[in-house]
1. On C-alpha positions alone, give me the angle between the axis of helix 202-219 and the longest principal axis of the chain, in degrees, nearest 10.
2. In segment 114-136, whose amide N lies under 16 Å from the spot 7 Å out along Cα-to-Cβ of residue 147? List them in ranges.
3. How charged is the neighbourhood of residue 50? Take every other residue with its Cβ under 12 Å from the Cβ of residue 50, and add Lys/Arg as +1 and Asp/Glu as -1.
4. For the chain, give me the percentage of DSSP beta bridges that are antiparallel, rounded to the nearest 5 percent.
5. By average Cβ neighbour count within 10 Å, what is the ranking of 51-61, 199-209 from highest down?
6. Once phi is turned into ³J(HN,Hα) by the Karplus curve 6.51 cos²θ - 1.76 cosθ + 1.60 with θ = phi - 60°, what whole-Hz value does each residue of segment 90-107 show in order, with x for glycine and proline?
7. Hey, what angle do you get for helix 41-51 against the long axis of the chain, alpha-carbon based, 0 to 90 degrees rounded to 10?
8. What is the sum of charges, Lys and Arg at +1 and Asp and Glu at -1, for the other residues whose Cβ falls under 12 Å from the Cβ of residue 107?
Amino acid sequence: MTAPEPSRVDLHVKVLDERVVARAKRRGLDALVYAPHFTRLPEIERRAERFSDDDLLVVPAREVFTGHWQTRRHVLALGLTDPIPDFISLEGLMNELRREDATVLIPHPTFATVSLGAEEIERYRDLVGAVEVYNPKHFPHHNRRAREIAADLDLPGYSSSYAHLRGTIGEAWTEFDREIADEATLLDAIASGEFRPVHRGGVAHEARCLAEFSHLFWENSWKKLDRVFLSGTEPTHPEHVAYDGRFDEVSVY
């Protein structure tokens, strides 16, 4: 019996439009996990459904920012049933993810000042499905450290493009030895722990990685900070009326 072709899934992208979908298909991807910053879950779900078709599955997710801006930590959550705001405590987020029985991935561990460290990952190990061990924004020592953390905690490792730029789509992905037909089968596949991180190489890939790393300067600018959450009326601010006060006790703003 011929072994099934592996499914290629980019487990974390920030951009989604017709050009992203076309590039993903050209690069042989079967699914994308779409988790844009500062966007509420219902909107993410609508866009994911709009851009999904028989050739490319788009799965909605949230990369939640926990803590204050200066001490923020990122957690990637799939399979959510209810919206969750940014800028709540890490403990508050993890309790909510446990309540929702969500699938939890750890993006870019120990990277810069925006990531969970080994101690924090170990504290919530029972919730964590996998640790990202390759990210185009990383330098080589970041990827080595991420692999060490995953190995030390006996957690699976995954890759993603973490694409904030369209051109990074298809530079890194995770392979599953099964068909990924919908969100449920992807969540089951992650829970199995049986997958492989994959990424491209060469000069063109290194150039894409450098472009993504350079994008960090805009991503963390104070101009963007002011735009996205200081007013208290932005879509994922914990005081937004959409959350009906559910997260007041764990809000950090």
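1. Relative to the chain, helix 202-219 is tipped by roughly 10 degrees.
2. Residues 131-136 qualify, since their backbone N sits under 16 Å from the label point.
3. -4
4. Of those bridges, close to 55 percent are antiparallel.
5. Most protected by this proxy first, the peptides run 51-61, 199-209.
6. For segment 90-107, the Karplus curve yields 4, 4, x, 5, 5, 5, 5, 5, 5, 4, 7, 6, 7, 8, 10, 10, 9, x Hz.
7. 30
8. Net charge around residue 107: +2.
Only the coordinates and a few stated rules stand behind these numbers; no lab work does. None of the values given here were measured: they were computed from a predicted structure. Cβ sites come from the backbone with ideal geometry, for glycine too, and all protein chains shown count toward neighbours.
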